[in-house]
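S.K.: Okay, here's the structure, questions in a sec.
The values are calculated or read from the model by the stated rules, or taken from the named source; none is laboratory data. Since this is a predicted model, take the numbers as computed values, not measurements. Cβ sites come from the backbone with ideal geometry, for glycine too, and all protein chains shown count toward neighbours.
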């Protein structure tokens, strides 16, 4: 092991109403509900007590009765985070919003508003929406193919960032005596005319406290990595092994440098599902208990979903069949395929594994063992921190904060206090200049 | 005067960051800012102390440096109301959202989410967006004409209400033992295919506590009234005289009955801007002071905006010219034209009047006089209550709550306590049945 990095380990809480394990909500201690505000407020308070950088919400634009319990019904992320902003002081608040099914003006507006409401703690996870079925809820006949979705996303990001710069920080004079509310010379009209969007501006929200809310990217395909290298502050990803993590991080940092950015200004947080017990035996039993709650039909559905192909017709005790490349979730499908081939897994073994954390890494053990697993990746340069995905709430997450975080703090890896006023400051990132109003 | 109505006077607070009078923010006592959360939270608490039914936010999808100070920059309404839901217990929370520039799936989702977050206090003011310039921020070349906007709105409302009924109230079994989270037989897929929208559903939020959040309509044109008669619970309107108010209310109640609905299930709240002083002389002086702060250029812009025509080239001391019908804000333009003709106003007199409250009724006087003016309309059947539009915040609104509301309460007109758990209950409206899952 090399010396500890000079920057603290970044910790995100990936909040999901019914936990991340598909059967987590069935555990006797689990409380759950994507619309259970009281529970979610308690979880946010726990994350803040653990000095987490941010709370992260995924999103989806469709539902069905057979969806993961966390996704069947849930509060719209921007409404939920605006409410959570009121009960928290330091925790970053990250929501997912689609570049395929939302308008750049609206996205710029709601994240700027959340940034104001929260005193500079907003983060936008820009996703391109993998699922073609989303189009059916938005009066659209077709879902754009993978690479076009990323081309749209590139332009979408530019428009949003341009709109955030509509006002100089000192544009609002608010001078009662003269009656001048805003200085017209300090307002910028974007007049964007591109291939996919034409947006005039200015935005009807003043410049956010962070300048730009934090931008997160979760796509790991080629186009996803290029978008991240150019625009993202954080990347959420899914790697199963240290070597995969190290290779991915090294490669993405190189691309960031090629964009003329400081590689340290992009931080990579793989998802991890920690299953924690007081002893190794207890943790193993808990993991077995969770796996035992899996409904095979639900697990096959979930795996089909992640692979982008219906696998229900294949022999469950045979190997993963050769499937053509899907148009959705390309990088996630590749990770799972690599995993199945590397570990020589049957389809049944693979779906049991995926049901745990949807292809993310599962770490089970004592608090010390979990801390060791995180330390290895972080100190070894395979990540800048982790997006923590508890199998169920609130118990397993409280356990992480109460038992694992202190070990990471004692090792000098995790922070013991918030040091900045905004999420951006806590992440050690500079506030972007406004290119239209240089100082 | 006839006997007092058996139902309490409905009171809405029309919240606008810099007050409703165009020069209100310049008053020495005014605090302001559409992004000033602390101020807005105090105002919401005052409204709740005054037992107001709801707090109402207008919205706009464009801005410019010469816009009304309340509109230059403001927090996105759904984010702001989600935050305000956390500090209030009884106050209804109403936001404006466009049927021309939003998606029905998104609108259904955010209002259902706010309803859950607030324990049943959400209200949606469905507007068609008057201003053609909005199209430039949403990658659209054209803005639909007036009557088509209402045709779109009719279908939009049907989709949103259908999506709110996606789940039976008892759909979520959440049974740990069996592993059944939701009963598939209690989930309804809308499969809407119409002229303007195709939306499959179901919505990914469970049925709102109110069944349907309250629906507000603010258009007073023919198509606006038809839409309101069929779908609205509340109507915000602008009338200058008792007779106008009475005629409008009688006519709309007739249309509601023709739709097969109980006329008492639609309540009409004209906007009123109360300018309050301890004495009549003080109120008159305050009104004069506010009018003296008006910038003529801003006032002409505002009047041009409300009329839908640029009037800056006309003789300010001549009469209102004959203008062709505009495509935006038709009913508001007609009210102003009628007012100018009736009172024989010069253009200058008209714009000074409009600058006060954008065409809404201004009442100045002592608390007793303001209470009298409201009582006359309410008891005489010209309204079911009022949307209060203070000229500036927080002073003039505090004055209304501290000095005018108690008079209305002593007269047995305004409520002294909240009686229901939800906004719908406080308004005395029944919770809609779910047509897909009749009891």
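S.K.: For region B:207-217, what are the residues that are surrounded by fewer than 24 Cβ atoms within 10 Å (Cβ to Cβ) and more than 11 Å from chain A (Cβ to nearest Cβ)?
M.R.: Across region B:207-217, the qualifying residues are B:211, B:215.
S.K.: Here is a check on your reading of the model: is residue A:92 in contact with a strand residue (DSSP E or B) (Cβ under 7 Å, 6 or more places away or on another chain) and more than 10 Å from chain B (Cβ to nearest Cβ)?
M.R.: When the stated conditions are applied, residue A:92 passes them.
S.K.: Next question, about the same structure. Which residues, taken from region A:287-313, are under 26 Å from the mean Cα position of the chain (by Cα), part of a helix (DSSP H, G or I) and more than 14 Å from chain B (Cβ to nearest Cβ)?
M.R.: Result: A:287, A:300, A:303, A:304, A:305, A:306, A:307.
S.K.: Return the residue satisfying two criteria in turn: it lies in region B:134-151 and is within 11 Å of chain A (Cβ to nearest Cβ) and either part of a loop (DSSP other than H, G, I, E, B) or without any contact (Cβ under 8 Å) to a residue 60 or more places away in the chain (or both), and of such residues it is nearest to residue A:193 (Cα to Cα).
M.R.: B:139
S.K.: While we're here: Working only within region A:80-103, note down all residues that are surrounded by 24 or more Cβ atoms within 10 Å (Cβ to Cβ) and assigned to a strand (DSSP E or B).
M.R.: Of everything in region A:80-103, those that are surrounded by 24 or more Cβ atoms within 10 Å (Cβ to Cβ) and assigned to a strand (DSSP E or B) turn out to be A:92, A:93, A:94, A:95.
S.K.: Hey, could you check region A:184-206 for residues that are within 7 Å of chain B (Cβ to nearest Cβ) and not in a loop (DSSP other than H, G, I, E, B) and say which is farthest from residue A:116 (Cα to Cα)?
M.R.: Selected residue: A:198.
S.K.: Check off (1) over 27 Å from residue A:167 (Cβ atoms); (2) surrounded by fewer than 21 Cβ atoms within 10 Å (Cβ to Cβ) for residue B:120 and give me the number that stays unchecked.
M.R.: (2)
S.K.: A further question on this structure: Among the residues of region A:44-79, write down those that are within 13 Å of residue A:387 (Cα to Cα) and either assigned to a helix (DSSP H, G or I) or in contact with a helix residue (DSSP H, G or I) (Cβ under 7 Å, 6 or more places away or on another chain) (or both).
M.R.: Those that are within 13 Å of residue A:387 (Cα to Cα) and either assigned to a helix (DSSP H, G or I) or in contact with a helix residue (DSSP H, G or I) (Cβ under 7 Å, 6 or more places away or on another chain) (or both): A:47, A:53, A:54, A:55, A:57.
S.K.: Can you go through A:24, A:17 and tell me which one is more than 9 Å from chain B (Cβ to nearest Cβ), in contact (Cβ under 8 Å) with a residue 40 or more places away in the chain and within 25 Å of residue B:190 (Cβ to Cβ)?
M.R.: The match here is A:17.
S.K.: Pick from region A:133-157 the residues that are touching a helix residue (DSSP H, G or I) at 6+ places or on another chain (Cβ under 8 Å) and under 25 Å from residue A:204 (Cβ atoms): which of them is surrounded by the fewest Cβ atoms within 10 Å (Cβ to Cβ)?
M.R.: Selected residue: A:154.
S.K.: Anything in region B:166-183 that is at positive phi and more than 7 Å from chain A (Cβ to nearest Cβ)? List them, or say none.
M.R.: Hit for region B:166-183 is B:174, nothing else.
S.K.: Is there a residue in region B:2-14 that is outside any loop (DSSP other than H, G, I, E, B) and within 13 Å of chain A (Cβ to nearest Cβ)?
M.R.: No, region B:2-14 contains no residue that is outside any loop (DSSP other than H, G, I, E, B) and within 13 Å of chain A (Cβ to nearest Cβ).
S.K.: Also, quick follow-up: Looking at residue A:220 and the list (1) more than 10 Å from every other protein chain (Cβ to nearest Cβ); (2) over 27 Å from residue A:88 (Cβ atoms); (3) not in a loop (DSSP other than H, G, I, E, B), which single condition is not satisfied?
M.R.: (3)
S.K.: Follow-up question, since we're still on this one. Mind listing whichever residues of region B:32-60 are surrounded by fewer than 23 Cβ atoms within 10 Å (Cβ to Cβ) and modelled with pLDDT under 95?
M.R.: Result: B:32, B:33, B:35, B:36, B:58, B:59, B:60.
S.K.: Against the condition farther than 30 Å from residue A:295 by Cβ, outside any loop (DSSP other than H, G, I, E, B) and facing another protein chain (nearest Cβ under 10 Å), how does residue B:106 come out, does it pass?
M.R.: yes
S.K.: What number goes with the only condition from (1) in contact (Cβ under 8 Å) with a residue 40 or more places away in the chain; (2) touching a helix residue (DSSP H, G or I) at 6+ places or on another chain (Cβ under 7 Å) that residue B:216 does not pass?
M.R.: Every listed condition holds for residue B:216 apart from (2).
S.K.: Regarding residue B:416, is this residue farther than 28 Å from residue B:250 by Cβ and either touching a residue at least 40 places away in the same chain (Cβ under 8 Å) or crowded, with 16+ Cβ neighbours inside 10 Å (or both)?
M.R.: yes
S.K.: Another question, if that's okay. Within region B:22-34, is even one residue more than 19 Å from the chain's Cα centre (by Cα), in a loop (DSSP other than H, G, I, E, B) and on the phi > 0 side of the Ramachandran plot?
M.R.: The answer is yes; a qualifying residue exists.
S.K.: Separate question: Please return the ranges of helices (runs of 4 or more DSSP H) entirely within region A:346-435 where 3 or more residues are at pLDDT below 95 and over 18 Å from the mean Cα position of the chain (by Cα).
M.R.: Of the helices (runs of 4 or more DSSP H) lying wholly inside region A:346-435, those with at least 3 residues that are at pLDDT below 95 and over 18 Å from the mean Cα position of the chain (by Cα) span A:347-357.
S.K.: Give A:189, A:128 a once-over and let me know the one that is in contact with a helix residue (DSSP H, G or I) (Cβ under 9 Å, 6 or more places away or on another chain) and either at pLDDT below 95 or surrounded by fewer than 18 Cβ atoms within 10 Å (Cβ to Cβ) (or both).
M.R.: A:128 is the lone residue from the list that is in contact with a helix residue (DSSP H, G or I) (Cβ under 9 Å, 6 or more places away or on another chain) and either at pLDDT below 95 or surrounded by fewer than 18 Cβ atoms within 10 Å (Cβ to Cβ) (or both).
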